[in-house]
Each structure stands twice: as structure tokens, then as C-alpha cells.
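As C-alpha cells, the structure follows; a few thoughts come after it.
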């Protein structure tokens with residue numbers, strides 16, 4: 001199998017690679033749990049070679065935390081406002097000349113201070129797939145990004161630690177005793193609405209989930225949905241200036257997109273959902289064409 | 001050393017015991033890191049006997065998480081509004097008749113759902129030490145409590161998970177890379193004020209601490225003070241109805257009392273600080289006298 005080039009999405013906890021044909025078709029896909037978080041700089045090349053063993057070597061373009069200071073090699077941030085043409089790319093050191101590896105840098109904002117790494121590539125994917133899109137792109141995840149885009153540029157953005165807070169609260173805090181598997185749509189919707197109505201009450205409302213478990217026997221799945229709803233509602237309150245009255249596109253895992261869609265729909269906003277992997281590949285292809293990165 | 005009775009404060013992570021004289025004097029003190037969280041029900045008695053070895057056995061009155069469902073024996077919650085007379089006490093099972101152990105139950109609130117366990121005893125201590133106090137008692141800690149008291153009764157209360165969130169964020173989240181030891185008073189004050197002015201922005205402001213570390217080299221001690229300030233500011237916003245225009249007494253560790261004092265002072269409120277251990281002992285003594293718990 002001889003790809004034209006190889007697209008790589010290398011995050012903190014996992015790595016994905018796609019063998020790309022000249023026409024943009026995906027010829028093969030590989031996945032590894034060797035994320036940036038578990039690799040020393042010299043371990044990236046062997047991990048990548050192991051993933052794409054069986055593919056004829058081809059130029060690699062990678063995005064994500066692989067370009068962080070603790071990654072393979074640091075790829076600098078481009079400051080907003082910026083278009084994909086302005087994204088930095090850095091060649092990673094490799095032991096042989098059979099392939100080259102280029103890493104896409106992130107995007108930064110001076111005030112309020114903020115950074116992204118990986119999401120800029122998915123946003124470039126939206127510019128490629130939907131060149132007419134002006135509005136707001138929301139990328140839900142560990143660190144959810146709300147990004148204002150206009151005329152093919154990233155204008156400004158804001159990050160909320162919603163996914164990481166949910167993981168910490170549901171796995172490592174006192175609330176873990178009250179949270180179980182399962183889900184309750186109406187508990188979620190009510191919590192989003194409560195949080196938007198009085199976002200300042202978040203810290204107190206979170207503990208109430210534990211107390212309701214103790215004294216009213218709150219269902220563990222409802223508790224899970226409620227904590228998620230309180231955090232997403234608080235995030236929507238924090239980012240209201242981004243999404244209110246704007247066209248919104250969601251880029252994330254299907255399940256997360258659907259949770260955010262429902263929360264936004266309750267605010268009267270119909271968001272369109274885009275598939276994260278597709279946007280990553282489309283973004284890497286766009287950056288590759290603009291940067292004329294070749295073997 | 002022959003105490004009249006033994007006061008015990010048994011929390012999740014530690015246990016303290018005081019040998020009390022008939023006149024209220026502390027004759028001796030013992031401490032153990034065998035908290036409720038690390039003990040099976042049958043392990044409480046040996047742990048207590050080990051702590052007070054050398055003291056002549058005397059009736060024990062204990063408060064705190066020792067009375068939780070996962071503790072030595074469950075001591076029921078008394079619903080608000082309630083005075084210390086209404087606090088439940090439960091005899092713990094012991095292997096010999098040389099002493100008795102009574103455990104004070106917590107206090108619950110149906111709506112908004114909330115619970116306390118241990119704090120009710122410190123509040124009883126305020127009733128004993130300051131019978132004229134009407135207003136709000138704030139007990140900062142892992143789960144900070146704001147408690148409205150009037151005429152010797154607990155009227156209503158609210159818990160914020162501020163201390164637990166701070167520990168999770170500073171030790172287990174992405175922010176740990178930007179947070180170090182040290183402190184910056186002005187960063188703290190500014191963060192409290194920012195959080196009170198726009199509490200809904202919490203989730204986004206937290207991530208900014210990481211971004212400021214990455215792109216502006218934010219000092220690790222200032223980052224620590226800022227995260228603390230953002231969380232305490234959000235808590236003050238959530239509990240504003242409790243403290244605004246009220247006499248406030250703080251019961252906590254000296255350092256934590258001083259952090260909360262400064263945050264409240266910036267809102268024009270002079271809080272008085274009470275020492276947590278003293279209030280615990282005074283509260284246990286009051287409950288003992290009211291309940292006539294004897295060997």
C-alpha cells in the first residue's frame with residue numbers, strides 16, 4: 001500500500017494515522033495508544049514507524065500535542081488572528097531519509113491568554129470543507145474550545161476545562177460515590193438550564209449532587225447527567241458572547257456533539273455537527289497544499 | 001492521666017483525641033492518621049484504643065465522618081432547622097465495658113439538598129462560646145460550609161466544594177504544570193474580584209492560568225494564588241445571599257481563615273476568626289452536657 005502522504009493526529013493519550021491517496025481518499029488507517037503524554041522525544045519516531053509499518057514511507061504531516069514543548073519537537077504557536085497559511089510547521093528529527101515528518105504548530109491568543117494545539121487543524125478542515133462558513137466553531141472535549149472564525153481566519157477563541165473537570169469530579173472527587181453509569185436526558189436539560197440561569201451557584205450545586213445521593217437516593221445515572229449539565233451549562237454561560245445569535249458548528253466525537261447539540265437546542269440554537277476525524281484530515285490536506293510540504 | 005471524658009474529632013483523613021478534665025481543661029492530646037477513609041468498621045475500636053493508650057478509659061464523644069455510613073456506625077442526620085439538643089448520638093459497638101463511645105450525627109437539609117458531618121459540632125461550639133452570636137458561620141475546608149444561625153439554631157446552609165476542587169486542579173489537572181509553591185497576595189485579590197464580577201467565566205478563566213503559564217511565563221506562585229482566588233471568588237458569588245450584610249465568623253485552620261478573611265475584607269466585610277479545634281471541643285462539651293451522655 002503506497003500512500004501519497006500520511007496524515008497523523010497525535011494527541012496526549014492516543015495517535016491516529018491515515019494513509020492518504022492523491023485524490024484525498026483514505027487508503028488505510030492505524031491507531032496507537034502511544035500518546036504524547038507517555039513518550040520521551042526519542043520514542044516518537046519508533047512509535048510512528050511501528051504504526052505505519054507495511055505502508056511505503058511517504059511524507060508525514062502531523063498535528064496535535066506531538067508539537068508541544070513536551071512532545072517530539074516544539075512547533076510554535078501562531079498568534080490570532082490567523083489563517084492556516086500562517087500556521088507554523090516544523091520538521092521533526094528522523095533517523096533516516098526515507099520519510100519526512102512535519103508538525104503543525106498551535107494557535108495562541110495574548111489576551112485573554114489562551115492556546116490550542118490540534119484544533120487549529122480541524123478548523124482548517126472546516127475552511128476547506130465549508131469555505132463559506134462564518135460564525136463560531138465549538139470543539140467539545142477535555143478542553144472545549146469556542147472559536148470565532150471569519151473569512152477563513154481564526155479571529156478569537158476561549159477554552160473551558162469542562163471535559164477535564166467532569167473526569168476529575170466523576171472519577172476522583174467525593175461525587176464519585178454518587179455518580180454511576182447511565183444517563184438521564186431530563187436531568188441533563190434541567191441542570192443546563194439551572195446553570196445558565198444562575199451560573200455563579202456552580203460550586204454549591206455540585207456538592208448538592210452528593211447530598212441528593214445521600215439523603216434522597218438520587219439515581220447514579222441522573223447524577224452523572226446532572227454534573228455534566230451543570231458543567232456544560234456553566235461553560236455556555238461563560239461563552240455566551242461567542243454563541244449567541246451565531247451560526248455554530250460542532251466538531252467532536254458523535255456522542256459529545258449530540259450532548260452539546262441538545263444543550264444549545266434548549267437555548268434555541270441549531271448547531272451543525274461535523275465529524276472530527278474528517279475535519280482533521282481535511283485540515284492537514286489544506287495545510288499541506290498551502291505549505292507545499294513535500295518529501 | 002485520668003480524664004473526665006475524651007473528645008474525639010474523627011475525619012476522613014485523620015483523627016484527633018483530647019483528654020478532657022472536669023473543668024474543661026485539655027489534659028492531653030493525641031493524633032493519628034488513621035482517618036475514617038482508611039478504616040473498616042471493626043478497625044475503629046483498635047485505632048482509638050491505640051491513640052488513647054496510657055489514658056485511663058473514660059467516656060468518649062466523637063464527631064465527624066466516623067459517623068458516616070462508611071464509618072464505625074452510622075449516626076443519623078438531624079434535619080434543619082435544629083439546635084444541638086436535636087443532634088443524634090449513637091453508641092458505637094465496643095468489645096469491652098471499660099468505656100463507651102458515643103458518636104454525634106450530622107445535619108441535613110432537604111432543599112437545596114445538603115449535608116454536614118463534624119461542622120455541626122463546631123457550630124455548637126460557637127453557641128457555647130458565643131451564645132449571643134446571630135449571623136453566618138463559614139467553615140472553610142475541603143467542603144466549605146456557609147451556615148446561617150439564629151437563636152442557637154442552625155437555620156440553613158450551603159456547601160461549596162472549593163477545597164476539593166483546588167486540590168484536584170492543582171495536583172491532578174493540566175493546571176498542575178503551571179502551579180507551583182509560593183503565593184501572590186495581589187494575584188489572589190484580583191482573581192477573587194474577577195470571579196465575583198463575572199462568576200460564570202470560571203471554566204474559561206481556569207484554563208487561562210495554564211495558557212498564561214505557557215505564553216506569558218506566569219509565576220507558579222501567582223498561578224496558585226490565582227486559582228485559589230478564582231475558586232473562592234466563585235464560592236463567594238454562589239453564597240452571596242449568606243454573607244452580604246451579615247456578621248460572619250470563620251472556623252478553620254489559621255491559614256485558610258486568613259485567606260477567606262482577606263477575600264471578605266475586599267468586599268467590605270470584617271469576619272471574626274475562631275479556632276477550629278477549640279470550637280470542636282467546646283461543641284462536644286455542650287452536646288455532652290445536653291445529652292447527659294455518661295459512661
Among the residues in region B:276-287, are any loosely packed, with under 15 Cβ neighbours inside 10 Å, closer than 21 Å to residue B:160 by Cα, in contact (Cβ under 8 Å) with a residue 12 or more places away in the chain and more than 14 Å from every other protein chain (Cβ to nearest Cβ)? no
Please find, within region B:235-252, the residue that is farthest from the other protein chains (Cβ to nearest Cβ) out of those that are closer than 23 Å to residue B:175 by Cβ and free of Cβ contacts under 8 Å to residues at least 60 places away in the same chain. B:236
Filter result for the condition that a residue is under 15 Å from the mean Cα position of the chain (by Cα) and assigned by TED's automatic domain parsing to the domain that holds residue B:12, over B:75, B:62, B:111: B:62
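With the structure loaded, tell me whether residue A:229 is more than 20 Å from residue B:113 (Cα to Cα) and buried (at least 22 other Cβ atoms within 10 Å of the Cβ) or whether it fails that test.
Considered against the rule, which asks whether it is more than 20 Å from residue B:113 (Cα to Cα) and buried (at least 22 other Cβ atoms within 10 Å of the Cβ), residue A:229 comes out as no.
To keep it simple, each residue is scored yes or no on (1) buried (at least 16 other Cβ atoms within 10 Å of the Cβ); (2) at pLDDT 95 or above; (3) under 16 Å from residue B:287 (Cβ atoms).
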| residue | (1), (2), (3) |
| --- | --- |
| B:61 | yes, yes, yes |
| B:69 | no, no, no |
| B:73 | yes, yes, no |
| B:91 | no, yes, yes |
| B:98 | no, no, no |
| B:103 | yes, yes, yes |
| B:106 | yes, yes, yes |
Considering only region A:39-55, state which residues are over 14 Å from residue A:95 (Cα atoms), surrounded by 12 or more Cβ atoms within 10 Å (Cβ to Cβ) and out of contact with any strand residue (DSSP E or B) (no Cβ under 8 Å at 6 or more places or on another chain). A:39
Strands (runs of 3 or more DSSP E) within region A:1-114 that include 1 or more residues more than 14 Å from chain B (Cβ to nearest Cβ) and out of contact with any helix residue (DSSP H, G or I) (no Cβ under 7 Å at 6 or more places or on another chain): A:5-10, A:15-20, A:26-32, A:60-63, A:89-91, A:101-104
Checking residue A:31 against (1) at pLDDT 95 or above; (2) under 23 Å from the mean Cα position of the chain (by Cα); (3) surrounded by 13 or more Cβ atoms within 10 Å (Cβ to Cβ), the condition it does not meet: (3)
The condition from (1) closer than 30 Å to residue A:108 by Cβ; (2) in contact with a strand residue (DSSP E or B) (Cβ under 8 Å, 6 or more places away or on another chain); (3) in contact (Cβ under 8 Å) with a residue 24 or more places away in the chain that residue B:269 misses is numbered (1)
Taking region A:177-189 only, how many residues are surrounded by fewer than 18 Cβ atoms within 10 Å (Cβ to Cβ) and over 26 Å from the mean Cα position of the chain (by Cα)? 2
Scanning region B:1-28 for residues that are touching a residue at least 40 places away in the same chain (Cβ under 8 Å), over 17 Å from residue B:99 (Cα atoms) and surrounded by fewer than 18 Cβ atoms within 10 Å (Cβ to Cβ) gives B:24, B:26
Determine if region B:116-129 includes at least one residue that is at negative phi, surrounded by fewer than 20 Cβ atoms within 10 Å (Cβ to Cβ) and either touching a strand residue (DSSP E or B) at 6+ places or on another chain (Cβ under 9 Å) or facing chain A (nearest Cβ under 8 Å) (or both). yes
Test result for residue A:218, under 19 Å from the mean Cα position of the chain (by Cα) and not in a strand (DSSP E or B): no
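The values are calculated or read from the model by the stated rules, or taken from the named source; none is laboratory data. In this text, all values refer to a predicted model and were calculated from it rather than measured experimentally. All Cβ positions, even for glycine, are placed from backbone atoms using ideal geometry, and neighbour counts span all protein chains on display.
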